[in-house]
Amino acid sequence: MIKKTLIFCILMVLSSKMALAHNPLSAMYYFEVKGELGILNVSLSQAGLQEALLKYYSGTDFSLLTEVDYKQLAVDYIKENFHLTVNGDPIYLENGGLKLGNHQTDLKFISSELPKEFNNLDVAINAFRENDHHQTIFSWSLNDITDKLILKEDNEYRASVVFKYNKMVVQNRRINTNYLWFIAIVPFFIVGRKLLLSPKLNQKKLE
C-alpha cells in the first residue's frame, strides 16, 4: 500500500511538471549554481515559443529559415530577454543550446562567472511577455536549496531578493516618498500664509 502511494505521488509530481512545460502560458527557468558558474535550464511549450518569436521578430520570414537558423534565433531571443544581477554585478548567458520537441522545447545555457557569496539578486525575464497572460517560474538552486519566484504582469516580470541562509527572500519595492513631503508641507504653507496676511488685512480694514 505504501509503495503504491509513493509511486502515485511521484507520478503526480512528474505530471505537474510536464503540464507546466507544455502550458503555452508558462515557462520554467531553472538556474543551478555549480561552483563559479551557473547552469540555466529553460523549458516551455513549442506553441508558446513559436508565438513569441513570431511577434518579437515580426519582420522575419520564418518560411525562409533553416532549422539551424530557427534554433539560433530562439537562443538569441532567450539571451536578449534575460537580465540577472548578483550583488550588483551583471551575470550573462554564454554558451547555449536548444532541443526542439513536438510539444516541449528545452534550452540550456552556461552563465558567466558567479561570486563566491550571494547577498542579493535582481532578475528580469522579458521573454514571452508578448504572449497574453504569460507567467515565468524562475527557480534558483544554491547549496541544494531551491526557491521559486513567479514573474508575471503584476510584477512586470521582475523581482529583487536578498539571501538569508542560502534562501531567497523577496524584497518589497521601495516607494518613492519624496512627493509625500511636498504634500505634507502644503497645508503648513497655506496656514502660515494666512497668518502672515491676516494682520495686514485687519490693518487695511481699520484704515
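The values are calculated or read from the model by the stated rules, or taken from the named source; none is laboratory data. Please read these numbers as outputs of a predicted model, since none were measured by experiment. Glycine also receives a Cβ, built like all others from the backbone with ideal geometry; neighbour counts cover every protein chain displayed. Note: accessible area is taken over every heavy atom of the protein model, side chains too, but ligands, DNA and RNA are not part of it. Shrake-Rupley method; radii C 1.70, N 1.55, O 1.52, S 1.80 Å.
Things worth noting here:
- Pair list, Cβ under 7 Å, 6 or more apart: region 70-82 residue under 22 Å from D122 (Cα atoms), other residue open to solvent by 60 Å² or more (accessible area, probe 1.4 Å) and part of a helix (DSSP H, G or I): Y77/Y56
- Within region 27-57, the only residue that satisfies the criterion of being without any contact (Cβ under 8 Å) to a residue 24 or more places away in the chain, open to solvent by 70 Å² or more (accessible area, probe 1.4 Å) and either assigned to a loop (DSSP other than H, G, I, E, B) or among the charged types (D, E, K, R) (or both) is K34.
- Number of the exception - I78 against (1) over 13 Å from L40 (Cα atoms); (2) aliphatic (A, V, I, L, M); (3) crowded, with 18+ Cβ neighbours inside 10 Å: (1)
- Given (1) out of contact with any strand residue (DSSP E or B) (no Cβ under 7 Å at 6 or more places or on another chain); (2) within 23 Å of A124 (Cβ to Cβ); (3) among the aliphatic types (A, V, I, L, M); (4) in contact (Cβ under 8 Å) with a residue 12 or more places away in the chain, number of the condition I91 does not satisfy: (1)
- Residues that are among the hydroxyl-bearing types (S, T, Y) and either in a helix (DSSP H, G or I) or open to solvent by 10 Å² or more (accessible area, probe 1.4 Å) (or both) within region 151-161 comprise just one, S160.
This table checks each residue for (1) among the β-branched types (V, I, T); (2) without any contact (Cβ under 8 Å) to a residue 24 or more places away in the chain; (3) surrounded by 13 or more Cβ atoms within 10 Å (Cβ to Cβ); (4) assigned to a loop (DSSP other than H, G, I, E, B).
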{"position": "G59", "(1), (2), (3), (4)": "no, yes, no, yes"}
{"position": "L84", "(1), (2), (3), (4)": "no, no, yes, no"}
{"position": "T105", "(1), (2), (3), (4)": "yes, no, yes, no"}
{"position": "K108", "(1), (2), (3), (4)": "no, no, yes, no"}
{"position": "F118", "(1), (2), (3), (4)": "no, no, yes, yes"}
{"position": "V123", "(1), (2), (3), (4)": "yes, no, yes, no"}
{"position": "F128", "(1), (2), (3), (4)": "no, no, yes, yes"}
{"position": "I137", "(1), (2), (3), (4)": "yes, no, yes, no"}
{"position": "L149", "(1), (2), (3), (4)": "no, no, yes, no"}
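- Condition met for G96 (exposed (fewer than 14 other Cβ atoms within 10 Å of the Cβ) and touching a residue at least 12 places away in the same chain (Cβ under 8 Å)): no
- One residue stands out in region 61-75 among those that are open to solvent by 50 Å² or more (accessible area, probe 1.4 Å) and not polar (S, T, N, Q): the one that is farthest from the chain's Cα centre (by Cα), namely L64.
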